[in-house]
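Okay, so here's the structure we're looking at.
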Amino acid sequence: MQDTVVEQYLTKVGFLRDDYLNRKAKYNFALKMGVEVVNYGNVFLFRNGFRIYPYGEPADDSWGLNKRVQQGYNRTIGTRDLVGRVDVETERVDDFKEVSSRDGGLVETEASRELFAYVTKVHRLLERYVVGVLWGINFLNSDYFKDENTAIVERQKLQEEEKKSESTEHVYDSIGSRVDFVQLIKSLTNNPSMRVIDYNKDLVNIVSKPTELDKLQTKILDDLRKVADRTHDSALLQRINAFEKELEKLRKKKNEAERRVLEEKTKREQAEYRALEAENRRKEEVEKRKTKEKELAAQKQVNMYLSATQHTSPEVLDLMHAVALSSNDLNALIDSVSVGLRDKSLSIGDVLNYLDEMSFHTSRIIKISKMLTKADIVLLSRATEIDLKEYIKEYVFNFEHSIHVVYGHEYEGIKKKLIPVLELSIVLDNLISNAKKADATEITLDFEERNGTIEIAFSDNGKGVNLERYTPESIFDPGVTDRRGGSGIGLSTIRKFMDKDLNGEIAFAGNGLRYSTGATFVLKFY
């Protein structure tokens, strides 16, 4: 302080002792002194060697230290945490005169007010040191560390050590405490009313371990350099310069190591990518080979079929196949009726229904047999305007005793098409026959109408198409079949009739679409 009453009239003013006591120190104090610190006293006042009451008495707060404790927990220190003394040596006793009562304290004068202000300033400095360096409060409030988790860990370590340590030696091992001490010294050197004569050189030593700086913001070196400049500490400046050179070497080594790691990672990823590409090419080649083998197998069946049927006209082949389908259905119905009559499981109504279905197939065979002349074939193949949905439902009804028929989605209204009914019946016969030969017990028909085009999805719950052996396209080739002894004429005939005579098309939609197993074919009529 400059030009103050205290300096003008006091021979000696000293804040000779003001010690902060942690829990361990308080315990040891009580053990040695035989009295607890709180009952011993706090900060005493002496004038020319004589004690002035009530300063320092237990529970006394004449210095006004406890008011701030109530306002900021863990950020201030009060009389319960302090033991110390203030000595005033002066020849101007009247400036520090006691009140008439023995324990009333000092009379308020300009000198006593400045004394109190002086004690308060010193107490705030001690408090800043305790709260920041010893408690680590500023670890979280200031941006010392690069991330918050590191600050929390360092503060927890410091507080654990502070609880069990009687001295303050543990702060030398805390990077946070040392950094906070640098900040404290820097703030003192920034204050024009103060002059830093000396400070703990060991406590500002944050340049001894380069690895510790990885936890801190790099600007701490700038703060430390400011302290060295303002205190004219050439030795500290030399250590900072040497440390920065060493730090630069470490940075280069670290960058080089990271570069090598990145290069190795890039090489590894490139090698893995090339290996993956090679594996994908291999799989593509395998798939191409399998597809080629399927196509060759299908072509062999086509060639064998064409060789066997080269002298038979397509019209006769179609009629022969239609007769064979109806004949097979008739045999199956006869077997069902025979078994049912033997074990008496059929009622008269069941038998009559079977006979009706037999009559349908018999009539169909008779009708087809009459088409053996060219004129009859042309006549019965002539297009007729029909309600396509209703015709198909009525036609399929005749197969109800051999396979269950379910109708899914149906468009509304009547949609008529010019259809040659013989070709349509052959298409339906083949689809139903193929479903039954694939062990289907149920079929579902879905009717859709889009912009004049009628689509019919024909789904069954049978075994489905063998896609391990054939492609979705090769199953429509003449002669292709995966049934032992079958001619395979069914699907090729359907496609031919759909394309040529029924103004439509057929496509294999896939397996397991309507049922968990079984195939789905889509018929389109334009």
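The values are calculated or read from the model by the stated rules, or taken from the named source; none is laboratory data. What you see is a predicted model; the values in this text were computed from it and never measured. Reconstructed Cβ throughout: ideal geometry from the backbone, glycine too, with neighbour counts over all protein chains shown.
List the residue pairs whose Cβ atoms are under 9 Å apart, where the first residue sits in region 149-178 and is under 16 Å from Asn138 (Cα atoms) and in the same structural domain as Leu224 (by TED's automatic domain parsing), the second is surrounded by fewer than 17 Cβ atoms within 10 Å (Cβ to Cβ) and modelled with pLDDT of 85 or more, and the two are 6 or more positions apart or on different chains.
Ser174/Lys157; Gly176/Lys157
Take the conditions part of a strand (DSSP E or B), out of contact with any Pro (no Cβ under 8 Å at 6 or more places or on another chain) and crowded, with 16+ Cβ neighbours inside 10 Å and apply them to Val86. Does it pass?
So Val86 fits the description; yes.
What about Ser101, is it assigned by TED's automatic domain parsing to the domain that holds Phe44 and farther than 30 Å from Ile185 by Cα?
Yes; evaluated as a whole, the condition is true for this residue.
Test Val130 against the stated conditions and say whether it is assigned by TED's automatic domain parsing to the domain that holds Arg68, out of contact with any helix residue (DSSP H, G or I) (no Cβ under 7 Å at 6 or more places or on another chain) and closer than 21 Å to Glu169 by Cβ.
It is true that Val130 is assigned by TED's automatic domain parsing to the domain that holds Arg68, out of contact with any helix residue (DSSP H, G or I) (no Cβ under 7 Å at 6 or more places or on another chain) and closer than 21 Å to Glu169 by Cβ.
Per-residue answers, yes or no, for (1) in contact with a Phe, Trp or Tyr (Cβ under 7 Å, 6 or more places away or on another chain); (2) buried (at least 16 other Cβ atoms within 10 Å of the Cβ); (3) on the phi < 0 side of the Ramachandran plot; (4) assigned to a loop (DSSP other than H, G, I, E, B):
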{"residue": "Gly104", "(1), (2), (3), (4)": "no, no, yes, yes"}
{"residue": "Tyr118", "(1), (2), (3), (4)": "no, yes, yes, no"}
{"residue": "His123", "(1), (2), (3), (4)": "no, yes, yes, no"}
{"residue": "Ile152", "(1), (2), (3), (4)": "no, no, yes, no"}
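Given the criterion on the phi < 0 side of the Ramachandran plot and either out of contact with any His (no Cβ under 9 Å at 6 or more places or on another chain) or small (Gly, Ala, Ser) (or both), identify the matching residue among Glu161, Glu166.
None of the others qualify; the one that does is Glu166.
Residues of region 106-116 being within 18 Å of Asp60 (Cβ to Cβ) and not in a loop (DSSP other than H, G, I, E, B), which ones?
Leu106, Ser112, Leu115, Phe116, listed by residue number.
So which residues in region 94-123 are of a type in the set (S, T, N, Q) and touching a Lys or Arg at 6+ places or on another chain (Cβ under 8 Å), if there are any at all?
Thr109
I'd like the residue in region 56-83 that is in a loop (DSSP other than H, G, I, E, B) and among the polar types (S, T, N, Q) and, out of all such residues, is modelled with the highest pLDDT.
Selected residue: Ser62.
How about region 156-175: which of its residues are more than 15 Å from Val131 (Cα to Cα) and in a loop (DSSP other than H, G, I, E, B)?
Ser165, Glu166, Ser167
Of the residues that make up region 476-497, is at least one surrounded by 14 or more Cβ atoms within 10 Å (Cβ to Cβ), among the β-branched types (Val, Ile, Thr) and more than 30 Å from Leu355 (Cβ to Cβ)?
Yes, because at least one residue in region 476-497 is surrounded by 14 or more Cβ atoms within 10 Å (Cβ to Cβ), among the β-branched types (Val, Ile, Thr) and more than 30 Å from Leu355 (Cβ to Cβ).
When the residues of region 215-265 are filtered to those that are in a helix (DSSP H, G or I) and in contact with an Asp or Glu (Cβ under 8 Å, 6 or more places away or on another chain), which remaining residue is surrounded by the fewest Cβ atoms within 10 Å (Cβ to Cβ)?
The selected residue is Leu237.
Looking for whichever is touching a helix residue (DSSP H, G or I) at 6+ places or on another chain (Cβ under 8 Å) and either at pLDDT 90 or above or within 25 Å of Tyr40 (Cα to Cα) (or both) here; the options are Glu110, Glu89, Glu154, Glu161. Which one fits?
None of the other options fit; the residue is Glu110.
Test Lys146 against the criterion of being assigned by TED's automatic domain parsing to the domain that holds Lys201, loosely packed, with under 13 Cβ neighbours inside 10 Å, among the basic types (Lys, Arg) and more than 19 Å from Asp202 (Cα to Cα), and give yes or no.
Criteria not met by Lys146.
Could you pull out the residue among Tyr55, Tyr118 that is within 30 Å of Tyr199 (Cα to Cα), in contact with a helix residue (DSSP H, G or I) (Cβ under 7 Å, 6 or more places away or on another chain), assigned by TED's automatic domain parsing to the domain that holds Ser187 and among the hydroxyl-bearing types (Ser, Thr, Tyr)?
Only one candidate passes the filter, namely Tyr118.
Could you tell me which residue of region 125-143 is surrounded by the most Cβ atoms within 10 Å (Cβ to Cβ), considering only residues that are closer than 19 Å to Ser167 by Cα and of a type in the set (D, E, K, R)?
In this case the residue turns out to be Glu127.
When you look at Gln183, is it touching a residue at least 60 places away in the same chain (Cβ under 8 Å), of a type outside the set (Phe, Trp, Tyr) and in contact with an Asp or Glu (Cβ under 7 Å, 6 or more places away or on another chain), yes or no?
So Gln183 does not fit the description; no.
So which of Tyr470, Tyr526 is among the aromatic types (Phe, Trp, Tyr) and closer than 18 Å to Glu385 by Cα?
The match here is Tyr526.
For the structure I just gave you, tell me whether Gly408 is surrounded by fewer than 16 Cβ atoms within 10 Å (Cβ to Cβ) and farther than 19 Å from Phe508 by Cβ.
So Gly408 does not fit the description; no.
Taking region 317-348 on its own, how many of its residues are modelled with pLDDT under 80 and over 23 Å from Lys437 (Cα atoms)?
Selection size over region 317-348: 0.
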